[in-house]
Amino acid sequence: MIQLLFTLLAAEAALVLVLLFRTPFRRLALLAIDRAKRGRGPVMVKTVAATMLVVLGSSGYSITKIRRRVGDLGQLTPTDQVLASRHLLEASLMGYSLFLGLIIDRLHHYIRELRTMKKNMEAVTKQSRTLEEAKHGSVEEIQQYQKEISRLNEQVQEFKRLSETKTEELKTAEANTLALQKQSEGLLTEYERLIAENEEFRNQLQSMDLRLSHSDNKKNT
């Protein structure tokens, strides 16, 4: 029993040292404790701890019973001394074992909590970096959009100027067309008048020719 308790105490002390320092073995120890806490592991641990508490109480009661004999006999016999020392050693080893078991459980819990907090901090830091990058990227995009808008506004102003210029040219062309149309109408009227005068002159010439031919006929007769 004492050898078993010494072995258990040494294993627990080694496990505590492994959990305290960051070494490659700590991850293996954490994985082993995680597996031990799954399934029936917690029930077995609680059963062993309860048994050790009962044995510890029994050892304490035996020590108290042996010490009571001092009052009756005045001193302990060598056998009682050996038994008292054995019970005290067993009780001490079981108490230390239970204490180290509690320390191992708390260390495992706090290490897991610390890792969870580190992961959360890394996630928050990564998210904040992403937001900062997105913020800078959005600012750059806004600046690009503003440049593009200013460029488009310049193009719109240029198109407006071209449109005004074309409109003026169109108005000038329309005015020239109206002037040419009026001028062509005047020329057409003048042409019609000249044709009418030409017809009149022809008629007059024909009538004069007829008169001359009549007068010549009369002279001949």
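The values are calculated or read from the model by the stated rules, or taken from the named source; none is laboratory data. For clarity, every value in this text was computed on a predicted model and none was experimentally measured. Every residue, glycine as well, gets a Cβ built from its backbone with ideal geometry; the counts of neighbours run over all protein chains shown. Accessible surface is based on the protein model in full, side chains and every heavy atom, while ligands, DNA and RNA are left aside. Shrake-Rupley method; radii C 1.70, N 1.55, O 1.52, S 1.80 Å.
As an exercise: evaluate Leu15 against (1) touching a Leu at 6+ places or on another chain (Cβ under 7 Å); (2) crowded, with 16+ Cβ neighbours inside 10 Å and give the number of the one condition it does not meet.
(1)
Looking at the range 20-32, is at least one residue at pLDDT 75 or above, closer than 23 Å to Leu5 by Cα and of a type in the set (Lys, Arg)?
no
Using the structure shown, decide if Ile2 is in contact (Cβ under 8 Å) with a residue 24 or more places away in the chain and surrounded by fewer than 12 Cβ atoms within 10 Å (Cβ to Cβ).
Judged against the criteria, Ile2 is a match.
Does any residue in the range 94-109 that is within 18 Å of Thr51 (Cα to Cα) come within less than 7 Å, Cβ to Cβ, of a residue that is of a type in the set (Val, Ile, Thr) and not in a helix (DSSP H, G or I) six or more places away or on a different chain, and which pairs are these?
Pairs that qualify, where the first residue is within 18 Å of Thr51 (Cα to Cα) and the partner is of a type in the set (Val, Ile, Thr) and not in a helix (DSSP H, G or I): there are none.
Consider the range 18-46. How many of its residues are under 17 Å from Met94 (Cβ atoms) and open to solvent by less than 60 Å² (accessible area, probe 1.4 Å)?
Within the range 18-46, residues that are under 17 Å from Met94 (Cβ atoms) and open to solvent by less than 60 Å² (accessible area, probe 1.4 Å) number 0.
Identify, from the list Ile104, Ile142, the residue that is modelled with pLDDT of 80 or more and part of a helix (DSSP H, G or I).
Only one candidate qualifies: Ile104.
Within the bounds of the range 150-160, is there any residue that is within 27 Å of the chain's Cα centre (by Cα) and open to solvent by 100 Å² or more (accessible area, probe 1.4 Å)?
No, every residue in the range 150-160 fails to be within 27 Å of the chain's Cα centre (by Cα) and open to solvent by 100 Å² or more (accessible area, probe 1.4 Å).
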